[in-house]
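Take a look at the structure set out below.
The values are calculated or read from the model by the stated rules, or taken from the named source; none is laboratory data. Model, not experiment: these values are computed from the prediction. In this analysis, Cβ positions are derived from the backbone assuming ideal geometry, glycine residues included, and neighbour counts consider all displayed protein chains.
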Amino acid sequence: MKKSKKLLDIKKVLFYNSINNHILILFVLIASACVFSDFYFKASNLTIPFIITTTVSSIITFIGIPQLKKIRAKQIIREEGPRKHFLKQGTPTMGGIFFIPIGIIISNILYFNEDNYDIILTLSFVIIFFMFIGFIDDFLSSKKNINTGLRSNQKILLQSLISLIFILICASNNLIPQNIQIPNKVFNIGNLIYPLGIFVLLAESNSTNLTDGLDGLLSGCSVLIFTGLAISILIENPSDNFTLAPLCIAMAGACMGFLFLNKYPAKLFMGDSGSLAIGASLGGIALISNHLWSLLIMGGILAAESISVIIQVSIFKISKRLKGKGHKLFLMTPLHHHFELKGNNESLIVSSFWLITLFLVIVNLIFLIKS
């Protein structure tokens with residue numbers, strides 16, 4: 001009995017060490033990419049914002065955990081979710097209110113007197129307000145002691161309102177180009193870019209929200225996508241986008257700092273306050289920098305998570321109407337739950353999704369360099 005317990009403890013230590021190694025590798029990879037970009041593009045400034053935001057985000061988030069426990073902001077696990085997730089019941093949530101502002105504040109401090117500061121200010125607006133929508137949802141969920149805070153139609157309405165205001169601000173200041181680059185062809189769509197922009201913000205924020213279902217999944221993928229977006233911007237516009245690229249990397253650093261506490265087993269969840277803000281920032285930056293196509297490629301995991309839900313619901317409803325009984329293509333959606341119910345380890349799923357995201361980021365960068 002003692003031997004089996006000792007063996008189990010050793011396995012746990014080795015398992016946690018492997019997770020820590022994955023986090024360290026990710027940090028070194030992003031830091032190296034920042035150093036290389038600063039050296040190659042010369043005028044870019046990615047390394048310092050990344051290290052600062054990672055450090056500050058980690059410290060502030062760590063300090064914030066006891067405060068969330070005091071106000072009983074705890075995660076409520078939905079009943080229809082995987083049974084293993086009930087072990088996570090009571091883990092502090094709403095972590096987004098700590099790490100999201102870090103990326104925004106540091107970006108504003110660094111570029112307050114720089115050219116194109118209005119871009120940082122406009123993006124800060126949409127990110128903060130999406131975080132606030134998520135905060136309301138998290139708060140109500142915690143207060144009601146149920147998994148749902150805002151109803152889905154209420155959440156969509158608030159997101160649409162903020163997206164509309166953001167698009168109007170961008171339109172009045174000519175911040176969004178009226179063409180789309182796919183992939184090396186340019187399509188001028190005129191004013192259609194504005195309804196498309198609202199759709200992008202809604203789709204991206206809800207995709208990140210759906211992806212945030214496993215420890216470290218969204219935070220790790222976000223670090224990679226933000227970094228890939230920063231480098232994509234520098235490759236395409238090396239002379240006049242040194243404001244957006246550091247903002248991307250500041251957000252990457254904020255997510256990285258949070259990841260140290262969000263890794264399995266998570267000490268803290270970001271909640272909707274984090275996931276909605278991440279999606280809004282990715283969508284907003286991609287719109288202004290004209291990198292929607294790059295975001296679509298690099299955010300393949302985010303898209304797959306959303307599409308899996310759409311397919312599952314559609315098949316279930318259609319089959320129920322035609323045959324009287326609903327059928328499912330996946331064991332459970334979003335997609336990561338399907339792999340969970342297949343018997344795969346949570347950390348294995350997370351690291352696999354990270355690797356896929358890294359691969360997609362590299363594919364996008366290679367394509368941009370060649371074109």
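If only one of SER294, SER281, SER306, SER273 is farther than 27 Å from ASN184 by Cα and of a type in the set (S, T, N, Q), which one is it?
Testing whether each residue is farther than 27 Å from ASN184 by Cα and of a type in the set (S, T, N, Q) leaves just SER273.
Residues being within 12 Å of the chain's Cα centre (by Cα) and over 22 Å from ASN108 (Cβ atoms): count how many of those fall in the range 231-274.
The total comes to 3.
When both residues are 6+ apart or on different chains and their Cβ atoms are under 6 Å apart, which pairs have a first residue that lies in the range 100-116 and is farther than 28 Å from LEU259 by Cβ, and a second that is of a type outside the set (Phe, Trp, Tyr) and surrounded by 12 or more Cβ atoms within 10 Å (Cβ to Cβ)?
From the range 100-116, the pairs are ASN116/THR243.
Among the numbered conditions (1) over 18 Å from ASN262 (Cβ atoms); (2) loosely packed, with under 13 Cβ neighbours inside 10 Å; (3) at pLDDT 75 or above, tell me where ASN21 comes up short.
(1)
Residue-wise test of (1) at pLDDT 90 or above; (2) closer than 18 Å to LEU218 by Cβ; (3) of a type outside the set (Gly, Ala, Ser); (4) part of a loop (DSSP other than H, G, I, E, B).
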position	(1), (2), (3), (4)
PHE36	yes, no, yes, no
PHE50	yes, no, yes, no
THR53	yes, yes, yes, no
ARG72	no, no, yes, yes
LEU87	no, no, yes, no
GLY90	no, no, no, yes
PRO101	yes, yes, yes, no
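Any residue at all in the range 200-213 that is touching a helix residue (DSSP H, G or I) at 6+ places or on another chain (Cβ under 8 Å), closer than 20 Å to ASP118 by Cβ and not β-branched (Val, Ile, Thr)?
Yes, some residue in the range 200-213 is touching a helix residue (DSSP H, G or I) at 6+ places or on another chain (Cβ under 8 Å), closer than 20 Å to ASP118 by Cβ and not β-branched (Val, Ile, Thr).
Could you say which residue among ALA245, ALA203, ALA266 is buried (at least 24 other Cβ atoms within 10 Å of the Cβ) and in contact (Cβ under 8 Å) with a residue 12 or more places away in the chain?
After applying the criteria, what remains is ALA245.
Looking at LEU322, LEU268 in this structure, which one is over 30 Å from SER160 (Cα atoms) and either out of contact with any helix residue (DSSP H, G or I) (no Cβ under 9 Å at 6 or more places or on another chain) or in a loop (DSSP other than H, G, I, E, B) (or both)?
LEU322
Checking the condition surrounded by fewer than 15 Cβ atoms within 10 Å (Cβ to Cβ) and not in a helix (DSSP H, G or I), which residue from ASN153, ASN174, ASN191 passes?
ASN174
Kindly evaluate SER289 against the criterion of being of a type outside the set (D, E, K, R), farther than 12 Å from SER207 by Cβ and touching a helix residue (DSSP H, G or I) at 6+ places or on another chain (Cβ under 6 Å).
Considered against the rule, which asks whether it is of a type outside the set (D, E, K, R), farther than 12 Å from SER207 by Cβ and touching a helix residue (DSSP H, G or I) at 6+ places or on another chain (Cβ under 6 Å), SER289 comes out as yes.
Output the residues belonging to the range 314-347 that are of a type outside the set (A, V, I, L, M, F, W, C) and over 31 Å from the mean Cα position of the chain (by Cα).
SER319, LYS320, ARG321, LYS323, GLY324, LYS325, GLY326
Considering only residues of the range 134-150 that are hydrophobic (A, V, I, L, M, F, W, C) and in a helix (DSSP H, G or I), which is surrounded by the most Cβ atoms within 10 Å (Cβ to Cβ)?
Applying the filter and picking the extreme gives PHE135.
Does ILE301 fit the bill of being within 15 Å of the chain's Cα centre (by Cα), among the aliphatic types (A, V, I, L, M) and modelled with pLDDT of 90 or more?
Criteria met by ILE301.
Among the residues in the range 296-316, are any outside any helix (DSSP H, G or I) and buried (at least 18 other Cβ atoms within 10 Å of the Cβ)?
Yes, the range 296-316 contains a residue that is outside any helix (DSSP H, G or I) and buried (at least 18 other Cβ atoms within 10 Å of the Cβ).
Does ALA280 satisfy the criteria of being under 27 Å from ILE362 (Cα atoms), among the hydrophobic types (A, V, I, L, M, F, W, C), surrounded by fewer than 20 Cβ atoms within 10 Å (Cβ to Cβ) and touching a helix residue (DSSP H, G or I) at 6+ places or on another chain (Cβ under 6 Å)?
No.
Check GLY213, GLY220, GLY190 and return the single one that is at pLDDT below 95 and closer than 28 Å to MET94 by Cβ.
One residue alone meets the criteria, GLY213.
Please go through (1) at pLDDT 90 or above; (2) more than 30 Å from ILE233 (Cα to Cα) for LEU26 and return the number of the only condition it doesn't satisfy.
Of everything listed in (1) at pLDDT 90 or above; (2) more than 30 Å from ILE233 (Cα to Cα), LEU26 misses just condition (2).
Going through the range 336-361 one residue at a time, which ones are touching a residue at least 12 places away in the same chain (Cβ under 8 Å), of a type in the set (A, V, I, L, M, F, W, C) and under 17 Å from ILE225 (Cβ atoms)?
VAL350, PHE353, TRP354, ILE356, LEU358, LEU360, VAL361
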